Structure formats: structure tokens, C-alpha cells
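Colleague: Can you keep this structure in mind? I'll have questions shortly.
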């Protein structure tokens, strides 16, 4: 088993748009995609297993286990409300370069079979410092898409990201482009130090416009406030250490 996709059903979808949100920097893409599927009530239709995932099972709250996997969901819109959606979420990305390519290729084959017209990959853009007002940066497969994304608030900054886009968020663009599927990567700016719901929220503000969806982002805002309080405390401790007013207390036991 290199990559195995087990279908629970095979939905008939209308011009579907594919959205990927797997773990990555600040878990920005994962947070955004999981919040999206919860908000729209997407339904799972397939599970992805692979030898390129970590060799482990995850233990659920009730004591049962599940094999590490990725999951595919779909959302069908009523009438002429717009294109349907396919979402990819999961526990891990591939552990090796070979695994990344194999998994991404399998997903692109699925997109081709299901008639996907556009791909959005979601990720974090780590800057190594705290970010109060994160930007959403972009990369696309065509100049026409660049202009469309700019009109929706996506930033295209020369040299950012300078090292390219690693993992599924990048490979799905490149492999999709080779199959004639237009694709966009949306990256929420993040420190990379923490799970970053604020960057995920900013990313979803733009994605919701692109997908013509109304989303309640209150839960992400609450999580962002919690992270902000934690970082504020860390800043206070750092300031106290620099000023010499913080006592290093060592305890035994």
C-alpha cells in the first residue's frame, strides 16, 4: 500500500473546487480547512491511507484507536448557488519527498476524475517573529489568477516566500498545473511559534469571499484571543528578564 483511497460514497458534484488544509507552519491551513468544513457541514466521502504517513495509530478520547490518515469531504450547493466543494484535511503530510509526491499525485488524479476546476491550498507563511496583523500572501499558476487574487486582498510580494512552498500546498499547485487545473496557494502570515488561529481567521476571510460563503469565525477569534493572552505574558516575562527584575527560582522536588 503506497497510497490507498477508500471511498465511502462517490458523490456527483458540479464543477467542484478543491481545498487542501493539512498540517504545516502554525497549523494555519489545517485550522482554516477544519473550521470551514464544520461551518458548511461538509460530509466525508473518502479516507486516504499511506505507508508514507508515520507508523502509528492515534488514540481517541473514548480509548479507541484510528490509523493515521487524511480525509476527504464534500459540500454540495443547492440550485445555482455556485460550484460544489471538496476538502482535504488530515493528521499528517508525507514523511519523505517521495511520499509527498506520491500522495499529492494521488490527490491530483482524484481531482481530475472528479472534474475539479480549481484548487486552493492553504498554509502558513512563517516569519519568525510575532505578527499582530497577519497578511495573506499568495502564489498561483497563472498571471490571470494573480490579478483575481489581488482584487480579493491577497498580497503578492517579491521574494516572499523566498524558499518556495514546501509540501502538499506547493506540490498540488505544480502537479495540478501539469494536468490543466488552475490553482492558488493562500498563506496566512504567522510567527511559526504557535498554532495560529488569527492567521487562519484572516485566511478564511479571503477564502470565504472567493468561495462566496458566509462563515461564522467567532470560534477562531476566541482561540486567537487565547493565544494573544499567552504571547502577551511571554513578552512580559522576556521584558522582565532583560530588565533584571525576573528572579530565576529553582526548586527541588
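The values are calculated or read from the model by the stated rules, or taken from the named source; none is laboratory data. Not measured: the values here are computed from a predicted model. Cβ sites come from the backbone with ideal geometry, for glycine too, and all protein chains shown count toward neighbours.
Colleague: Just one of the numbered conditions (1) within 19 Å of the chain's Cα centre (by Cα); (2) loosely packed, with under 14 Cβ neighbours inside 10 Å is not true of residue 158; which one?
Modeller: Residue 158 satisfies every listed condition except (1).
Table: residues versus (1) modelled with pLDDT under 95; (2) out of contact with any strand residue (DSSP E or B) (no Cβ under 6 Å at 6 or more places or on another chain).
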site: 152; (1), (2): no, yes
site: 157; (1), (2): yes, yes
site: 164; (1), (2): yes, yes
site: 192; (1), (2): yes, no
site: 214; (1), (2): yes, yes
site: 226; (1), (2): yes, yes
site: 241; (1), (2): yes, yes
site: 244; (1), (2): yes, yes
site: 247; (1), (2): yes, yes
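Colleague: For region 44-67, which residues satisfy the criterion of being surrounded by fewer than 17 Cβ atoms within 10 Å (Cβ to Cβ) and outside any strand (DSSP E or B)?
Modeller: 51, 54, 55, 56, 60, 61, 62, 63, 64
Colleague: Still on this structure, I have one more. Could you look through region 14-33, keep only residues that are in a loop (DSSP other than H, G, I, E, B) and more than 8 Å from the chain's Cα centre (by Cα), and pick out the one that is surrounded by the fewest Cβ atoms within 10 Å (Cβ to Cβ)?
Modeller: This residue is 15.
Colleague: Picking from 94, 176, 138, 99, which residue would you name as being assigned to a strand (DSSP E or B), crowded, with 17+ Cβ neighbours inside 10 Å and either in contact with a strand residue (DSSP E or B) (Cβ under 8 Å, 6 or more places away or on another chain) or touching a residue at least 24 places away in the same chain (Cβ under 8 Å) (or both)?
Modeller: None of the other options fit; the residue is 138.
Colleague: From the list 166, 184, which one is under 16 Å from the mean Cα position of the chain (by Cα) and either crowded, with 24+ Cβ neighbours inside 10 Å or within 16 Å of residue 17 (Cα to Cα) (or both)?
Modeller: Result: 184 is the single residue among 166, 184 that is under 16 Å from the mean Cα position of the chain (by Cα) and either crowded, with 24+ Cβ neighbours inside 10 Å or within 16 Å of residue 17 (Cα to Cα) (or both).
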